[in-house]
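S.K.: Got a structure for you, questions after.
The values are calculated or read from the model by the stated rules, or taken from the named source; none is laboratory data. Keep in mind it's a predicted model, so treat the numbers as computed, not measured. Please note: Cβ atoms are built from the backbone with ideal geometry, for glycine as well, and neighbour counts cover all protein chains shown.
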Amino acid sequence: MNRDVLDAILEARAARRPVVRLTWLEGGRESIVDASDASLAPALRDAAAGALRGDKAALVETEEGSVFVHPFNPPLRLAIVGAVHIAQHLAELATRLGYDVTVIDPRRGFLTEARFPGVTLDARWPDEALEAFAPDARSAVVTLSHDAKIDEPALSAALRSEAFYVGALGSRRTQEKRRARLTDGGLDDAALARIHGPVGLDLGAKSPAEIALSIAAELVATLRARADA
């Protein structure tokens, strides 16, 4: 990898912009491209988009010979709203899964380094915190506080973003009441349908650790289903 290519990858990573490195096996020519680059041959454009979507490299045959397609996606991120017991387990699981984790909660007594070692802590109100977090297509948001004045501003912000996953703790009855309030706040049915709630895969989870596991499993399932679409 030459220096210009490395610099381009690092610049894209800093800007959270997905790019693809193309390497022509015959001659070793390299190029960093966006998957939507109209100048790319259709086969390469499709391969670049597929590589980014699936986080998986590919070898493509073109009129110019074999081309190795290597995706460079921004790191996955997870914003957890509500520094509760479930959040402690979820933060650890998500970190192990490769997510950069931010825990958001204006209740500073819960939001401590001792309870959440090694992750970013944000004590601002969720609407302000998520505006700074700026969820994109490689981001997930999960609300766990069970406090409407904390969870709902976070959900409103997340549903107006490109976040690939938005989850909310709460029973079906709680979800119905929450959706009604979010509708009053200007969100339409399509936006509300994006909420995974009750959050997590139905594993019959009971303990905070089990609920965190169900959420982590649903994160993986949602991300990979999108990759296979």
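S.K.: Might you check whether a residue that is surrounded by fewer than 19 Cβ atoms within 10 Å (Cβ to Cβ) and either closer than 22 Å to R13 by Cβ or not assigned by TED's automatic domain parsing to the domain that holds G186 (or both) occurs anywhere in region 99-107?
M.R.: Yes, because at least one residue in region 99-107 is surrounded by fewer than 19 Cβ atoms within 10 Å (Cβ to Cβ) and either closer than 22 Å to R13 by Cβ or not assigned by TED's automatic domain parsing to the domain that holds G186 (or both).
S.K.: Going through region 44-91 one residue at a time, which ones are part of a helix (DSSP H, G or I), assigned by TED's automatic domain parsing to the domain that holds V119 and surrounded by 17 or more Cβ atoms within 10 Å (Cβ to Cβ)?
M.R.: I86, A87, Q88, H89, L90, A91
S.K.: Determine whether region 169-185 contains at least one residue that is over 22 Å from A83 (Cα atoms), of a type in the set (G, A, S) and in contact (Cβ under 8 Å) with a residue 24 or more places away in the chain.
M.R.: yes
S.K.: Can you confirm whether A114 is surrounded by fewer than 16 Cβ atoms within 10 Å (Cβ to Cβ), small (G, A, S) and outside any helix (DSSP H, G or I)?
M.R.: Criteria met by A114.
S.K.: On to the next question. Only one of L203, L219 is touching a strand residue (DSSP E or B) at 6+ places or on another chain (Cβ under 7 Å) and either under 18 Å from A91 (Cα atoms) or in contact (Cβ under 8 Å) with a residue 12 or more places away in the chain (or both). Can you tell me which?
M.R.: L219
S.K.: Moving to a separate point now. Kindly check whether there is at least one residue in region 125-132 that is under 30 Å from W24 (Cα atoms) and modelled with pLDDT under 95.
M.R.: No, region 125-132 has no match at all.
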